[in-house]
Amino acid sequence: MIKITKVSVQKRSKERYNIFIDRGQGEEYGFSVDEDILIKIGLRKGLEIEEDELKEILDKDEEKKTHHLALHFLSYRMRSVKEMMEYLQKKERESKHIDTVVKRLLDQNLLNDEMFAASYIESKKLTLLKGPLKLKQELSQKGVGQAHIETALEGFTEDEQIDKLIKWIAKKESRKPKQSVSAYKQKLAGQLMNKGFTHSIIEQAMREVTFEVDNEEEWEALTYQASKLKRKYSSKYEGYEYLQRMKQALYQKGFPIEMINEYLSRENEDDMD
């Protein structure tokens, strides 16, 4: 039989209590418990408990600690069920306590993957440039079911996506590097695909933004790209094969064939001089 000799509140945590006990050899520190457990069980000075009762009390306290950790994790933002499970496992909480706590949070609607998915997408679409494919991937990695993901993505309409992309593309339009306008547009489209937008949505947005083609800038870009290609091909090819290699490479970089022919014609004239 174990007798409780003293109950005192902890200095650092007013919601936890230190319990001192006597097993027949004098007073000693026994354990600490959460205030809820203290009240529910009625722990007090003079109370006598069995060893089995003590084990049960300590088990309930460990479950309470797990619950507190879960609530703390939720205090920053909503979490998916998988995120919560992984967090508590990382904190080395017992599996049975994790299962009990997660079930309680689900019953209280503090964990809800459907609501989490909707909140996650709403937050990301307002703060980041991420498309539905990327968001779908991220939610899937967080353990959210496909049905909940698809429902949440209904709130991210095609019109919203196109509007976001038009604004993003318009800001990028005037910052072309030394490449053709066509190649630059392809580069932007590639970046948007990596961000999770579909080819169809990107195309629609691209059509809404006018890319001004300055022939002088386009010629400068062609000259820049051609000079690099010349260093690559001139030592390997000559004559007709060299011209075809240059034409093909420059065309793939988005330059119009008329401009490519003019450049190669000028280059040939310079070589003849």
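The values are calculated or read from the model by the stated rules, or taken from the named source; none is laboratory data. Just so we're clear, the structure is a prediction, and the values are computed from it rather than from any experiment. Virtual Cβ from ideal backbone geometry, glycine too; neighbours counted across all protein chains shown. Just the protein is used for accessible areas: all its heavy atoms, side chains included, with ligands, DNA and RNA removed. Shrake-Rupley method; radii C 1.70, N 1.55, O 1.52, S 1.80 Å.
Taking the 1.4 Å solvent-accessible surface of segment 82-147 as the whole, the part contributed by carbon and sulfur is 49%. Taken along the Cα-to-beta-carbon direction at a fixed 7 Å, the label points for residue 171 and residue 13 span 4.5 nm. Label separation (residue 109 vs residue 91): 2.4 nm, computed from points 7 Å beyond Cα along the C-beta direction.
Relative protection proxy for 110-120, 8-18, from highest mean packing down: 110-120, 8-18 (other beta-carbon atoms within 10 angstrom). Hey, what angle do you get for helix 158-172 against the long axis of the chain, alpha-carbon based, 0 to 90 degrees rounded to 10? Taking the Cα atoms of the chain, the angle to 158-172 is about 60 degrees.
Nonpolar atom fraction for segment 191-273, defined as the carbon and sulfur part of the 1.4 Å probe accessible area, stands at 44 percent.
Listed by chain and number, the lysines whose C-alpha is less than 19 Å from the C-alpha of residue 247, apart from same-chain residues fewer than 8 away, are 178, 228, 230, 232, 236. When the listed pairs 14/45; 40/96; 142/172; 96/124 are checked against a 23 Å cut-off, the alpha-carbon distance exceeds it for 142/172; 96/124. Using a Gaussian network model on the chain with a 10 Å cutoff between Cα atoms, which of 62, 122, 216 fluctuates the most? Maximum among the listed residues: 216.
Please tell me the relative contact order of segment 160-273 in percent, rounded to the nearest whole number, where contacts are Cα pairs under 8 Å and at least six residues apart.
31
Here the accessible area of segment 8-47 is 45 percent carbon and sulfur, with a 1.4 angstrom probe and all protein chains present.
The distance between label points at residue 73 and residue 151 comes to 2.3 nm (points 7 Å beyond Cα on the Cα→Cβ vector). If you plug the beta carbon distance of residue 240 and residue 198 into 1/(1 + (r/R0)^6) with R0 = 41 Å, you get a FRET efficiency near 0.45. Full extension of the segment from residue 137 to residue 215, taken as 0.36 nm per residue of separation minus the current Cα-Cα distance, would add 23.9 nm.
Here the contact order of the chain, divided by its residue count and restricted to Cα pairs under 8 Å and six or more residues apart, works out to 11 percent. Against the main long axis of the alpha-carbon atoms of the chain, helix 181-194 sits at an angle near 20°. Accessible surface computed residue by residue for the chain, with neighbouring protein chains in place and a 1.4 Å probe, gives 62 Å² per residue.
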